[in-house]
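Heads up, the thing below is written out as structure tokens.
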Amino acid sequence: MSFLAESTRAALRRVVAADGVDEVPDALERLDGIRSLISALENDPATLASVRDALEAGASWEQVARAASIKPAAAKWRWQGSDDEIAARHQAGRKRSSRPSSVPTDLPGLSVAEAATKLGVSAQAIYLRVTRGTLRAETVTLPDGRSYKRVFPDG
């Protein structure tokens, strides 16, 4: 009896079939097959069922995380709670990751990180130079209340 979903077994069969041919598929084809299999395994209901079975058998989140090669907090985020709670958490995560950056791109000067890169020093060195007065910096506050430290290395 198989515990994997048919779609996951199909992805596994594709990778195994590609591995067993005389002529090795091109690199992108291999990469696509491998990543498709990983995605299928991560999304397979058997993964969540295995986690729930392990917890029910007395395993700790630390043990589950170690078996999954992730940190305990990540394991809890992925698999803790009911199906609806997990789906809501994952949906919220996808919404956050799909939003564009809210940092404006038209601010004057350079960010501390940009200035550090330009001058070949660390961000801490930039802050020290600003404190000592050898480098000019201003805090720019936007109408919505957000503020950004901007550095002016050429002025």
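The numbers here are math on the coordinates, done by the rules we state, and not lab data. All values derive from a computational prediction rather than experimental measurement. Reconstructed Cβ throughout: ideal geometry from the backbone, glycine too, with neighbour counts over all protein chains shown.
For the stretch 135-155, the residues whose backbone nitrogen is under 16 Å from a point 7 Å from the Cα of Glu114, taken along Cα to Cβ, are 136-142, 147-155.
Between Ala27 and Thr141, the simple spin-label model (points 7 angstrom out along Cα→Cβ) gives 5.2 nm.
Evaluate E = 1/(1 + (r/R0)^6) for Gln80 and Thr134, where r is the Cβ-Cβ distance and R0 equals 41 Å; express this FRET efficiency to the nearest 0.05. Don't skip to the answer; put the middle values down first.
Details: r = 51 Å, r/R0 = 1.23.
So the FRET efficiency works out to roughly 0.20.
With all projection directions averaged, the alpha carbon convex hull of the stretch 20-111 covers 10.6 nm². Each label point was placed 7 Å from the Cα along the Cα-to-Cβ direction; for Ala18 and Lys95 their separation is 3.5 nm.
The calculated pair-distance distribution of the stretch 60-141 uses every alpha carbon pair, bins of 5 angstrom beginning at 0, and gives 3, 12, 13, 11, 10, 7, 9, 13, 12, 7, 2, 0 percent. Whole-Hz Karplus values for the stretch 21-26 come out as 8, 5, 9, 5, x, 5 Hz, taken residue by residue from phi with 6.51 cos²θ - 1.76 cosθ + 1.60 and θ = phi - 60°; glycine and proline positions read x. Annotation: amide H-H contacts under 5 Å for Ala5 (H modelled 1.01 Å from N, sequence separation of 5 or more, or interchain): Ala46.
Based solely on its DSSP helices, what 222 nm [θ] is calculated for the chain when runs of n ≥ 4 H residues each add -39,500 (n - 2.57) and the sum is averaged over all residues, nearest 500 deg cm²/dmol? Could the numbers behind the result be given before it?
Values: 8 runs with 93 residues, N = 155.
Using -39500 (n - 2.57) per qualifying helix, the result is -18500 deg cm²/dmol.
Over every Cα atom in the stretch 112-152, the radius of gyration and the widest Cα-Cα span, Dmax, amount to 10.9, 33 Å.
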